[in-house]
1. On the protein heavy atoms, probe 1.4 angstrom, tell me the percent of accessible surface of segment B:2-257 carried by carbon and sulfur.
2. Say the cut-off is 22 Å between C-alpha atoms; which of B:Lys77/B:Lys183; B:Lys6/B:Lys99; A:Lys93/B:Lys183; B:Lys12/B:Lys77 go over it?
3. Show me the three semi-axes of the equivalent ellipsoid for segment A:1-156, from the C-alpha gyration tensor (sqrt of 5 times each eigenvalue), largest first, rounded to whole Å.
4. Just need the relative contact order of chain B here, percent rounded to a whole number, with Cα pairs under 8 Å and 6+ apart.
5. Evaluated at 20 °C with a viscosity of 1.002 mPa s, what Stokes-Einstein diffusion coefficient in µm²/s does chain A have when Rh comes from the Kirkwood expression over alpha-carbon pairs?
6. Just to check I understand the Karplus step: with θ = phi - 60° and J = 6.51 cos²θ - 1.76 cosθ + 1.60, what whole-Hz values come out for segment B:41-48, glycine and proline as x?
7. Taking loop as defined by DSSP and a crowding limit of 10 other beta carbons within 10 Å, which trypsin sites (Lys or Arg not before Pro) in segment A:1-106 fit?
8. To the nearest 0.05, how large is the calculated FRET efficiency for B:Asn253 and B:Asp196 if R₀ is 56 Å and r is the Cβ-Cβ distance?
Amino acid sequence: MIKRQIPFLFALWKANLQAAMEYRGAFLTQVLGMMLNNAVYFVFWILFFDRFKQINGWNLNDMFLLFGIAAGSFGLGVFLFGNAIFLGEIIAKGRLDYYLSLPRPVLLHALASRSVTSGLGDFTYGIISFMLAGQIGWDNTARFFLGLVSATAVFVGFMILAQSLAFWLGNSSALAQLALNAIITFALYPISLFDNTAKFLLFTLVPAAFMGAIPAGFVRSFSWSALAQLTLAAIVFLGLATLVFQRGLRRYESGSAIQTEI
Amino acid sequence: MKHIGKYWAIFKTQILNTLAYPAELAWRSLSIILFLWVFANLWRVAYRAEGSGLLNGIALKDMLWYLMLAETIELGKPRLARVMADAVKDGSVAYLLNKPYHFLLYHLSAGMGESLIRGSMTALFGGTIVWLMMGPPPDPRGWPLAAAGVLGAWLLHFCVNALIGLAAFISEEVAPYEWIYQKLVFILGGLFIPLDLYPLWLQNLSHYLPFAYMLYGPARLFIAPDIGLFLNVIGGQIFWLTTLGTLLFLSYNRGVRRLAINGG
């Protein structure tokens, strides 16, 4: 079953890439623009650590690593599964009809049917940021990509959960946007800033720890416990997201609108 | 007077539009709570690390009130670049061009109407969380000075946003310009750190650019109202509004001449 979907997934990604490359100028502007955007944003941390040197055990190199994971996983998530951040709108507008009428898994098909081009800029910036952190041994690099995959799975899972609220609440785009802001904001700051209650929330309600601090720590030094946490978080969030989406789908009502997906 | 009346009507209509979905408005404004809570944690640790109650003369409480106003300006600012770019690209700009109002002034009135409501709601949530975490706001006698600065800041934001939107006359994709402009405002405007804490060379550079007058100036006025600073902020805003406003109207006139609309 899963084996059958892999060629399908690759076909969707190929089609998305071809569509994006149709307008070369816009494609390059978005990718390079996003890289520059992230670089300018990171100047904040350079200025901050120029003044304070370290914050609760975190220094500038740690921030490069954290940004590498957070930007890389966000970019990978929205480039490969772009509709993860638009799913609520698709549900609320009755546009799931198209996916329901085809013999493919609805969630997978909907998620991968769109690619956010600028995500490729985030992903590339993430890799550059990782390299600037000065931890580019083969083992760190392998752990970086493993951490990236796990962080992407948690991010996409969390987005599906937040966007699936549209099955129950109707138009909930503002709430989903808040969830997106929350996971990105918290993922981009050192976890040592927060007290234990906040940390608990960052591992559960808004799993930003799995999109930043935990994989970043895993890249720095291997531990079985971090590997177990990353694997478990990816499985739990993706599993929960699929379950909630399937439950929501039972409540879905078609708009009976004539539509085409381009 | 008749001319002002129609833009006033657009401004009021946009206020009503923004207020029409209060739940959506509230959810969108809640983000400031997240940001300020994270900043509070970050700056508490930074002040502790410095071992001082003051950083370049700014106390922790004032730092959070500064960040609250800077975030309010940023989150409430007119965001018209995408709307204007879409209007240019899909040709719907033609719908506005043949109406008895100026395209730019129409967007200015609508944008300021939306900013007023979004900014007020954001300030309400942001002010509440900072008050709860740090204590009461700065001296209310400085608020009118800061409010004037906020108005100038939003007008400056409008000019740059509109210039980015109009870039659609010559560029396929304008979103990246908007992202980069936003991040320049973050850094050179002092959204995360007041400019006072920057290295001297960067402070000096920032004061020669418009970004400092978009965030730092009004937010600094809020925590340390001073007539000298007020005149400096307003003077800077007037200079940049004149420069950017002229550039905007010239770009618009040039863009409209290039516009080709096919069919209806």
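The values are calculated or read from the model by the stated rules, or taken from the named source; none is laboratory data. Note that the structure is predicted; figures quoted are calculated from it, not measured. Methodologically, a virtual Cβ is constructed for each residue, glycine included, from the backbone with ideal geometry; neighbour enumeration extends over all protein chains shown. These area figures cover heavy atoms from the full protein model, side chains too; ligands, DNA and RNA do not enter into them. Shrake-Rupley method; radii C 1.70, N 1.55, O 1.52, S 1.80 Å.
1. Details: 7510 of 11090 Å².
Here it works out to 68 percent.
2. Numbers: B:Lys77/B:Lys183 14 Å; B:Lys6/B:Lys99 12 Å; A:Lys93/B:Lys183 33 Å; B:Lys12/B:Lys77 17 Å.
Going by Cα-Cα distance, A:Lys93/B:Lys183 fall outside the 22 Å limit.
3. Working: eigenvalues 220, 60, 44 Å².
Taking √(5λ) for each Cα gyration eigenvalue gives 33, 17, 15 Å.
4. 26 percent.
5. Values: Rh = 19.1 Å.
Answer from the Stokes-Einstein relation: 112 µm²/s.
6. Per residue, the Karplus-derived 3J(HN,Hα) values read 5, 4, 6, 4, 5, 5, 5, 5 Hz.
7. Working: sites: A:Lys3, A:Arg4, A:Lys14, A:Arg24, A:Arg51, A:Lys53, A:Lys93, A:Arg95; in loops: A:Lys53, A:Lys93, A:Arg95.
Passing sites in segment A:1-106 are A:Lys53.
8. Plugging the Cβ-Cβ distance into 1/(1 + (r/R0)^6) gives 0.90.
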